[in-house]
Structures are given as structure tokens and as C-alpha cells.
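What follows is a single structure, written as C-alpha cells, with notes after it.
The values are calculated or read from the model by the stated rules, or taken from the named source; none is laboratory data. Owing to the predicted nature of the structure, the values given are computational and were not obtained by experimental measurement. When we count neighbours, we look across all protein chains shown, and the Cβ atoms used for this are built from the backbone with ideal geometry, even at glycine.
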Amino acid sequence: MKMKVALVIDHYDAGRGGAENYTRNLTRILVEKGHEVHIFANTFKEVPSGARIHQVPIVKFPRGLKVVSLALALEGRLRKEEFDVVQGFGATWAVDVHRPGGGSERAWFRAELESLGTKWSKVWRGLLLLASAKFLANLWLEGKIYRGGDLPLVIANSDMAARQIRSHYPSVNSRKLKVVMNPVDSVRFHPQNMERFRVKMREELGISNEKILMLFAAHNFRLKGLGCLLEALERGIPPNYVLVVAGRGKPRRYASQLRKIAIPVIFVGALEGLERLMAASDILIHPTFYDPCANVVLEAMASGIPVITTMENGASQLVEHGSSGYILTTPRDTEKMRDYILALEDPSERKKMGEAARKKVEPLTWEDHSRRLEEIYRESMELKGRRDTSFEMGKKGSLRETS
């Protein structure tokens, strides 16, 4: 059954982050399956062939009004055309299927404060956020999606994300809340990449093949736990280790910590072709304070690399502690983090764990993911059909909807 699908997001640009990259890949898959795909966004970059674009204007200042104006403009535009399914990613409430790739704003707020060092920095950051028009607008929009009378089907990308949604919004009907984990490109991210890229990539980085390369890859260094990782390294690590940090964060904020670390720490900025860097790495460390489902962890596992992450990462449900990686209760347990790093010094242990990690994520293909989405789309169409029928009969006095 071919469907007419609208995908709704504020910015259609895979380079901006995980949700945007996911939307682009989803567009490509849906078009390849023969569905008619329409993209509604404010800005566009590299739209797959076959998809139709609809540019939605916004008020760019102040930032809070930007969020609200986009939501209202999208609602108006979507009313002008009939779609089988409208899937959104947080830009508006006028959707049939909602996928909050970034998780819950309320859960993010708690983690954002927890990632700060001192009590007063947490208080100050909290006050700034509560005075932020953009944050308050995002909270309002999230509440309107989850507390609205006509709740869309909601796709959480991990069990953790689903629990947080239910915790913050108890009125959400559990039957409308689906868990579909992020897919991973297990061809692009593959253990065989080590044969293709490892030596050359290490030459470019100036790292010998004997070194144990720990990789940290994220854009928000603080929220993803870089400071905690550096604190773990301050406790003392053998000289055969090296840390590579990839992402758009600001290294100078960690200058005082870096002076206390004996091993090399190399900042490489935001890189294209993360699979090449994975191929050069031996361990991925992602000690995050908050991640609904970290793609970088899934990609490392697909690459055959053991991971160290935290319970605050939804992707940790795929990590078998001590078998395919290690899970920290909190990123602040830097002593245990160091112990886990040292436990992976043995190359045979890393190989065994990496193989186990690969097996855990192999089922997360785009083909299976798109099949699950199509099932949810059909369910949404059935629900929408029943609502429309009830509404028409209610107008005639034969049947009225009950809340």
C-alpha cells in the first residue's frame, strides 16, 4: 500500500544533528519504497530526489516566537492538503505520528543542570533557562503535543525515552506510545573498515598502531560527559592509551584538566566520515548525562568496537554489561570509568566484546525500521478514519465522541 506522507521538521539539514540526519535517511527510504513524500520545513539542504519540498516561513526573532510561529504556520499549511500520514519531529502538534528524537524537554532540563559542576552554576543555568523564551516555547509545544485531546501516535527511540515521556506526561495513553529504536547502517559501519581505513587514519592522526585509541565523539561536550572522562583519565592511565575527541565543542574549556593528564588528548573537530575514525579506534567512551538513544554508540557497536556508556543513554539497553561493553550508573563515577577503560587494555577482550556488540545491533536495519514505521502509519490511518467517522456521525446526531 503506497501512502502520501508528510514529514515535518524545523530544519531539513542532515549536518545539524541526529534528528535531521534521521529525517533525511527516512525520506530516502520512503521514496525508494514508492511512497509520495512531502517535506515541510523552514530551511532545506540536500533533499533526496523524488521528495517534494514545502518551505514554511517563520518569525526569526525573538527565538521563542520563532518556535511558536513555525508551529502555527505548519498547522495552517498542513490543513491545505490531504495526507495519509503526517509525521513530525517536534515542530508542531498538527501531526498523526510524533517522534521526539531529542527525547523530553523536561528530561533534558534535569540532565542539563546535572551536567554542571557547582550548585550555583546549576541554579544560575536553571534561572536562565526558565527565563528563556525559546525553552519555554519548547515546553509549551511539547505539552500541547502530549496533553492535547487528540494525541498522535508517539514513537520513542528507546525504553528509557518512553519511560520519561510517561513519567512527565502521565495522561499519555500507553497504547499510543511505541518503542522503535534508531536504525544503524551496518554496511557503512562495519568491522571490515579496520582493514580499509585503520592504518591510513592513524597515520593522519599521528597515532601508532600499538596505541589503544579511545574515541569520544559528540558536539555538546559537557552534556555528553567529556569533563567526567577527563577526570577519569586524571586518575592515571598507562602511556599506551590515547584519547581522540571529535565534535564541535570548545577544547579550551578543558585546558586545566588537560594539563593534569599524562596521555595524549587529540581534538580533531567535526569530521566527515565518522566510520573512518571508528575504524581507527579501539574503544568508544560516551559517558553522557542524557541521550534518548545515542547513534554514535550504535555505530560503534556496528563497527565492532566495545563501548563504555551510562544508564542515562537509551542505547545502553543494547549493551550487555561486561559482554559487549560497560554501563556506568552515572558519568560522575570516574573511578569505575577508569576501571572499565583498564579492563579493555587486553586486545583479545576488546575483540570478543566488539564481536558481541556487533551482533546486538545487526537487527537494527533501515529495512526493518521502515517496515515498523509503515505498520505505525497504517495504524494511524485506521485511527484517523475512526475519528473522522465518529465526527461525521456526531454531527448527524447518531453518535457523539466521548472523552
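Scanning region 167-212 for residues that are touching a Phe, Trp or Tyr at 6+ places or on another chain (Cβ under 8 Å) and either over 30 Å from residue 100 (Cα atoms) or of a type in the set (Lys, Arg) (or both) yields a total of 2.
Residue pairs whose Cβ atoms lie under 8 Å apart, sitting 6 or more positions apart in sequence or on different chains, and linking a residue in region 60-82 that is within 15 Å of residue 40 (Cβ to Cβ) and in contact (Cβ under 8 Å) with a residue 60 or more places away in the chain to a partner that is in a helix (DSSP H, G or I) and among the hydroxyl-bearing types (Ser, Thr, Tyr), do not occur here.
Would you check if there is a residue in region 282-294 being among the hydrophobic types (A, V, I, L, M, F, W, C), within 17 Å of the chain's Cα centre (by Cα) and over 30 Å from residue 152 (Cβ atoms)? Yes: one or more hits. For the condition surrounded by fewer than 20 Cβ atoms within 10 Å (Cβ to Cβ), farther than 23 Å from residue 308 by Cβ, free of Cβ contacts under 8 Å to residues at least 40 places away in the same chain and over 18 Å from the mean Cα position of the chain (by Cα), what is the one hit in 203, 210? Within the list 203, 210, the selection yields 203. With respect to the conditions (1) over 26 Å from residue 195 (Cα atoms); (2) touching a residue at least 24 places away in the same chain (Cβ under 8 Å), residue 321 lacks only one, and its number is (2). In a loop (DSSP other than H, G, I, E, B) and either touching a Lys or Arg at 6+ places or on another chain (Cβ under 6 Å) or farther than 22 Å from residue 381 by Cα (or both) - does that describe any residue in region 131-148? Yes, there is a match, as at least one residue in region 131-148 is in a loop (DSSP other than H, G, I, E, B) and either touching a Lys or Arg at 6+ places or on another chain (Cβ under 6 Å) or farther than 22 Å from residue 381 by Cα (or both). Can residue 112 be described as of a type in the set (Asp, Glu) and part of a loop (DSSP other than H, G, I, E, B)? For residue 112, the condition - of a type in the set (Asp, Glu) and part of a loop (DSSP other than H, G, I, E, B) - is not met.
Residues of region 214-228 being over 11 Å from residue 249 (Cα atoms), of a type in the set (A, V, I, L, M, F, W, C) and touching a Phe, Trp or Tyr at 6+ places or on another chain (Cβ under 8 Å), which ones? Hit for region 214-228 is 214, nothing else.
Residues of region 1-20 that are within 17 Å of residue 247 (Cβ to Cβ) and not charged (D, E, K, R): 14, 15, 17, 18, 19. Taken as a whole, region 43-61 holds no residue that is under 26 Å from residue 156 (Cβ atoms) and in contact with an Asp or Glu (Cβ under 8 Å, 6 or more places away or on another chain). Residue 85 meets each of the listed conditions (1) in contact with a Ser or Thr (Cβ under 7 Å, 6 or more places away or on another chain); (2) modelled with pLDDT under 95 apart from (2). Residue 23 falls short on exactly one of the conditions (1) surrounded by fewer than 18 Cβ atoms within 10 Å (Cβ to Cβ); (2) assigned to a helix (DSSP H, G or I), and that condition is (1). Just to be sure, is residue 231 acidic (Asp, Glu), touching a residue at least 60 places away in the same chain (Cβ under 8 Å) and in the same structural domain as residue 297 (by TED's automatic domain parsing)? For residue 231, the condition - acidic (Asp, Glu), touching a residue at least 60 places away in the same chain (Cβ under 8 Å) and in the same structural domain as residue 297 (by TED's automatic domain parsing) - is met. Do we find that residue 97 is within 22 Å of residue 25 (Cβ to Cβ) and in contact with a helix residue (DSSP H, G or I) (Cβ under 9 Å, 6 or more places away or on another chain) in this structure? The answer is yes for residue 97.
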